[in-house]
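Engineer: Take this structure, written in structure tokens, and hold onto it; I'll ask about it next.
Where a number appears in this text, it was derived from the coordinates with a stated rule and is not lab data. If you're wondering where the values come from, they're calculated on a predicted model, not measured in any experiment. Cβ placement follows ideal geometry from the backbone for every residue including glycine, while neighbour counts extend to all protein chains displayed.
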Ligand SMILES: *Cc1c(COP(=O)(O)O)cnc(C)c1O
């Protein structure tokens, strides 16, 4: 394999499963339009696609509100809180002897309604998009029965232009039609939960193909909701392949492709403009003088990549996005730093791909994401599993918030970057050294609220040695 010339020394550290801080040499710092132009060229999606995705989520809000009463308060919009965590900030500073300039916030996708993880953004969006396609094809949206709804977010569009209601798709007549169709996905966990829960709620025949290492409680929860769980002896890759094959045999089946789906990506990207509004409500207006740093746990790359795509639309080069991956499964860092994208996997450099962070246990990155992140991503770090459990306990102690281990990788992104010399050079290069005292940091908490009590206990008692 031919690596990009500046792949070393990061490549050597990755191969040795050592914690690595990588700054992306291709990240573009320019006016917003230039940055986005470079990304559009790579992925064929634009800002307009993100806005269309947001509009679709608004259209479907009355349906979500009917199916999931926990979204009543937000009028059927699935969104999470942004919470400042000063006690966790102090705790990290003390424990790791470092000074984090500015304020630290937690983006609580861990507590997103319906699916309890970041996957509620992409997964649910993709199911809704597919549903709109079927509903139009089957004329489910031509009944003239106006209805309106409004919620906390105000201007919810509950009707199509011809006056038909999306909320009616929650009725038994619509479910009977959806029952003819199948939705399938291969997943070890959270994606399967988000796709499975949403698809089953609408009436689809939902199937989640799971590998041997998937947790029992996730299988139980899905079966409880009427989802068919198909179990495989082999690993995640095999479960996906089998699932895809079975889906292709059924003309009325739709397969969600975690690696290449643009719909998943766009669903995630709506988080960018939404976060901007949330920050504004707190009186925060990131710009070049007031930089915003965001730390995102990364698996195949879709969720953190889509969110970064949206954040760059919202903030241009005022936002600096960093991914965090396990030392044994750094597929996106590997793909980007080597220049090989999804053409290389972590096993190719002798890593196992195995990690306690089950949401991040991916050996091969999405090529789409690696390409799109080239001009957008500031950098990436890798983390040893033991830190995840430590950060999980620190957050619970200091702020009384529980996150699953995968989500805690974002804290290590923050810690390791502020300990690194690479970050000092980065600040100097971009003229941020003086401005950093006014920085806002956002640790993206990607999952945890659905984890059952006994599993939480098991996690809390897990201590890994160096
Ligand atoms: C899926 C997931 C991620 C990462 O998303 P990718 O799209 O796989 O990169 C991060 N954290 C949790 C908890 C997840 O479930």
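Engineer: Once the Cα atoms of helix 119-137 and of the chain are each reduced to a long axis, what angle between those two axes, in degrees from 0 to 90 to the nearest 10, is obtained?
Structural biologist: That works out to roughly 30 degrees.
Engineer: Let me ask something additional. Could you check the spin-label model distance between residue 12 and residue 288? Points 7 Å from the Cα along Cα→Cβ, value in nm.
Structural biologist: With each label placed 7 Å out from Cα toward Cβ, I get 3.7 nm.
Engineer: So how do 137, 54 line up by other beta-carbon neighbours within 10 Å, fewest first? Don't jump to the answer; show the numbers that get you there.
Structural biologist: On the way: 137 10, 54 21.
The fewest-first ordering by Cβ neighbours comes to 137, 54.
Engineer: How much of the calculated P(r) for segment 1-121 lies past 24 Å, in percent of all Cα pairs? Working shown, then result.
Structural biologist: Working: 4473 of 7260 pairs.
So the portion of pairs separated by more than 24 Å is 62 percent.
Engineer: Any chance you could get the radius of gyration and Dmax over the Cα atoms of segment 351-466, in Å?
Structural biologist: That works out to 16.2, 48 Å for Rg and Dmax.
Engineer: Still on this structure, I have one more. Could you give the distance between the Cα centres of segment 389-466 and segment 214-254, to the whole Å?
Structural biologist: 31 Å
Engineer: If I histogram all Cα-Cα distances within the chain using bins 10 Å wide from 0, what percent of pairs lands in each bin?
Structural biologist: 4, 21, 32, 27, 12, 3, 0
Engineer: When the Kirkwood hydrodynamic radius is evaluated over all pairs of different C-alpha atoms of segment 220-316, what value in angstrom, to one decimal, is obtained? Don't jump to the answer; show the numbers that get you there.
Structural biologist: Numbers: mean 1/r = 0.0610 Å⁻¹.
16.4 Å is the Kirkwood radius here.
Engineer: Right, here's the next one. Output the Cα-based Rg and Dmax of segment 332-403 in Å, rounding Rg to one decimal and Dmax to a whole number.
Structural biologist: So, for segment 332-403, Rg and Dmax equal 14.8, 42 Å respectively.
Engineer: Follow-up. Could you tell me the center-to-center distance, by alpha carbons, between segment 21-65 and segment 271-338 in angstrom?
Structural biologist: Computed from Cα coordinates, the inter-centre distance equals 11 Å.
Engineer: Just order 85-92, 254-261 by mean Cβ neighbour count inside 10 Å, highest at the front, would you? List each step's numbers first, then the result.
Structural biologist: Details: 85-92: 18.1, 254-261: 19.9.
Highest to lowest by the protection proxy: 254-261, 85-92.
Engineer: Report the equivalent ellipsoid semi-axes for segment 426-466 in whole Å, largest first, defined as the square roots of five times the eigenvalues of the gyration tensor built from alpha carbon atoms. The partial results should precede the final answer.
Structural biologist: Working: eigenvalues 286, 46, 12 Å².
Each semi-axis is the square root of five times an eigenvalue, giving 38, 15, 8 Å.
Engineer: Let me ask something else. Determine by what factor the alpha-carbon radius of gyration of segment 284-352 differs from 2.2 N^0.38 Å, reporting the quotient.
Structural biologist: Values: Rg = 14.2 Å, N = 69, 2.2 N^0.38 = 11.0 Å.
Relative to the 2.2 N^0.38 Å estimate, segment 284-352 comes out at 1.29.
Engineer: Grab the beta carbon distance between residue 215 and residue 347, set R0 = 22 Å, and tell me the FRET efficiency rounded to 0.05.
Structural biologist: Details: r = 23 Å, r/R0 = 1.04.
My answer for the efficiency is 0.45.
Engineer: So, how do all the Cα-to-Cα distances of segment 159-284 break down into 5 Å bins, in percent, from 0 on up?
Structural biologist: 2, 10, 17, 17, 17, 14, 10, 7, 4, 1, 0
Engineer: Need one number: nm distance between label points at residue 277 and residue 137, each 7 Å from Cα along Cα→Cβ, rounded to one decimal.
Structural biologist: It is 3.1 nm.
Engineer: Counting other beta carbons within 10 Å of each Cβ, put 22, 217, 444 in order, fewest first. Don't jump to the answer; show the numbers that get you there.
Structural biologist: Details: 22 24, 217 13, 444 29.
Fewest to most other Cβ atoms nearby, the residues stand as 217, 22, 444.
Engineer: Return 430, 387, 130, 209 ranked ascending by Cβ neighbour count within 10 Å, so the fewest neighbours appear first.
Structural biologist: Values: 430 16, 387 23, 130 19, 209 28.
Least crowded to most crowded, the residues run 430, 130, 387, 209.
Engineer: So what is the calculated 222 nm ellipticity per residue for the chain, using -39500 (n - 2.57) for each DSSP H run with n of 4 or more, over all residues, to the nearest 500 deg cm²/dmol? Kindly include the intermediate steps, with their values, before the conclusion.
Structural biologist: Working: 19 runs with 200 residues, N = 466.
Computed ellipticity for the chain at 222 nm equals -13000 deg cm²/dmol.
Engineer: Any chance you could give the angle, 0 to 90 degrees and rounded to 10, that helix 236-248 forms with the longest Cα principal axis of the chain?
Structural biologist: 30 degrees
Engineer: Okay, moving on. For labels at residue 175 and residue 34 in the simple 7 Å Cα→Cβ model, what's the distance in nm?
Structural biologist: Calculated label separation equals 5.5 nm.
Engineer: Which FRET efficiency value, to the nearest 0.05, do you get for residue 437 and residue 393 by plugging their Cβ-Cβ distance into 1/(1 + (r/R0)^6) with R0 = 35 Å? List each step's numbers first, then the result.
Structural biologist: Numbers: r = 29 Å, r/R0 = 0.83.
About 0.75, to the nearest 0.05.
Engineer: Subtracting the Cα-Cα distance from 0.36 nm times the residue separation, let me have the gained length for residue 249 to residue 429 in nm, one decimal. Working shown, then result.
Structural biologist: Details: separation 180, 0.36 × 180 = 64.80 nm, distance 5.39 nm.
Extending this stretch completely gives an extra 59.4 nm.
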